[in-house]
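The values are calculated or read from the model by the stated rules, or taken from the named source; none is laboratory data. Being a predicted model, the structure only gives us computed values, none of them experimental. Because the Cβ atoms are built from the backbone with ideal geometry, glycine has one as well, and the counts that use them run over all protein chains shown. Heavy atoms of the whole protein, side chains included, go into the accessibility calculation; ligands, DNA and RNA do not. Shrake-Rupley method; radii C 1.70, N 1.55, O 1.52, S 1.80 Å.
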Amino acid sequence: MVLGAALTAAAFVANIAPLVSASHLIARDTASNPSSFSSQTFDYIVVGGGTAGLTLASKLAESARVGIIEAGEYFPDDPLIDVPKNFGQNNGNPKYDWRFNTTPQAMLNGRVVPHPRGKVVGGSTALNYLVFNRGSKT
């Protein structure tokens, strides 16, 4: 996750998504602004609601109170994320993708290559089109 000047205060407020232990769940709207979120007590705060951040938070939440801060939005039941036939339609879309590019590549005649990265809860997993690739045996 990237936090920076490009993230407006309104976007930050709108996209704080807390998660706490299984014994005590705080609803997403409970921490819809920085004051509400900062008034909560957490044992851990995970920055980044991608696959790794959410996995870590889930494991920590088995025995601790965990808050998650995510710069991207939460899109439940979004067909551009959940339906495989929509393959590629969210790449380059600033609603879903940070729209990162490589630096000019000398071996590609100076070409800049897009590097899609997910800007949503779930991270880049939301851009992988539900595709599973088995690793090579060789």
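Here Pro76 clears all of (1) outside any helix (DSSP H, G or I); (2) in contact with a strand residue (DSSP E or B) (Cβ under 9 Å, 6 or more places away or on another chain); (3) open to solvent by less than 80 Å² (accessible area, probe 1.4 Å) except the condition numbered (2). For the stretch 41-51, the tally of residues that are among the small types (Gly, Ala, Ser) and closer than 18 Å to Ile81 by Cα stands at 2. Set side by side, the residues Asn101, Asn133, Asn128 differ, and just one is at pLDDT 95 or above and either open to solvent by 100 Å² or more (accessible area, probe 1.4 Å) or of a type outside the set (Ser, Thr, Tyr) (or both), which is Asn101. Annotation note: of Ala57, Ala64, the sole residue that is part of a helix (DSSP H, G or I) and in contact with a strand residue (DSSP E or B) (Cβ under 9 Å, 6 or more places away or on another chain) is Ala57.
Candidates are the residues of the stretch 52-72 that are in contact (Cβ under 8 Å) with a residue 24 or more places away in the chain and surrounded by fewer than 16 Cβ atoms within 10 Å (Cβ to Cβ); the one that is nearest to Ser39 (Cα to Cα) is Ala64.
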